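The values are calculated or read from the model by the stated rules, or taken from the named source; none is laboratory data. Fair warning: this is a prediction, and the values are worked out from it, not measured in the lab. We place every Cβ from the backbone using ideal geometry, glycine too, and count neighbours over all the protein chains shown.
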Amino acid sequence: MAGNLRFKNVEFAYPTRPEATIIRNLNLEIPAGKTVAFVGPSGSGKSTVVGLLQRFYDPLYGSVELDSHNIRNLDLKWYRQQIGVVGQEPVLFNLSIRDNIILGSPNPERVTTEELERACREANCHDFIMKLPMGYETSVGERGGMMSGGQKQRIAIARALIRDPKILLLDEATSALDTTSEKLVQRTLDAASAKRTTLVVAHRL
């Protein structure tokens with residue numbers, strides 16, 4: 001799989017508001033390995049495009065394609081395994097760092113130490129994890145409360161990368177962070193986006 005994405009004559013309205021067309025005649029090609037950003041105010045359809053790409057919804061007309069295949073015709077489980085998602089507020093469980101990260105794998109029980117550390121190095125969190133008294137077995141606490149905002153987000157990035165996805169979706173991934181953490185996480189995301197087809201959603205460039 002190369003990772004070429006294409007929106008072809010896409011039209012969409014939410015089922016609860018069929019009279020309000022959110023997207024009309026969207027045509028967009030994102031070549032494999034490239035990064036494209038959707039920038040604009042709330043309500044402009046940015047997250048709707050991400051939802052269509054994840055197949056939370058299907059277009060009313062037109063198609064969303066992966067390598068020239070309509071994603072509606074692809075096995076949904078397989079298709080979603082090709083996608084890594086990092087949102088604005090990472091959802092962490094009251095488990096160890098290791099367990100939180102391997103939950104991103106389709107086969108958590110088969111994740112090796114080497115695969116775990118590879119994802120964490122790519123997410124720029126291996127070093128700070130190793131400085132913790134219990135390393136990867138450190139509990140993140142309720143809702144990740146034992147970690148800082150930047151640490152939580154980098155753990156969430158590692159979870160998205162553990163499956164080595166071809167497509168990376170970044171939905172306001174740094175907007176909830178302070179300036180220092182934002183710069184660090186942005187550098188991490190820039191590195192993670194390399195060689196992956198990446199769609200960035202943001203309110204500002």
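Computed values, structure above
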quantity	calculated
Residue within the stretch 137-150 that is at pLDDT below 95, touching a Gly at 6+ places or on another chain (Cβ under 8 Å) and either more than 30 Å from Pro31 (Cβ to Cβ) or buried (at least 18 other Cβ atoms within 10 Å of the Cβ) (or both) present	yes
Of the criteria (1) surrounded by fewer than 18 Cβ atoms within 10 Å (Cβ to Cβ); (2) among the aliphatic types (A, V, I, L, M); (3) outside any loop (DSSP other than H, G, I, E, B), which one Ala2 fails	(3)
The one condition in (1) in contact with an Asp or Glu (Cβ under 7 Å, 6 or more places away or on another chain); (2) of a type outside the set (Asp, Glu); (3) not in a helix (DSSP H, G or I) that Ser42 fails to fulfil	(1)
Unique match (being touching a Lys or Arg at 6+ places or on another chain (Cβ under 8 Å) and either free of Cβ contacts under 8 Å to residues at least 12 places away in the same chain or not in a strand (DSSP E or B) (or both)) among Thr180, Thr188	Thr188
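Every residue, every condition in (1) of a type outside the set (Gly, Ala, Ser); (2) within 22 Å of Leu177 (Cβ to Cβ); (3) assigned by TED's automatic domain parsing to the domain that holds Arg154; (4) at pLDDT below 95, yes or no:
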position: Phe38; (1), (2), (3), (4): yes, yes, no, yes
position: Ser47; (1), (2), (3), (4): no, yes, no, yes
position: Gly51; (1), (2), (3), (4): no, no, no, yes
position: Pro59; (1), (2), (3), (4): yes, no, no, no
position: Ser63; (1), (2), (3), (4): no, no, no, no
position: Tyr79; (1), (2), (3), (4): yes, no, no, no
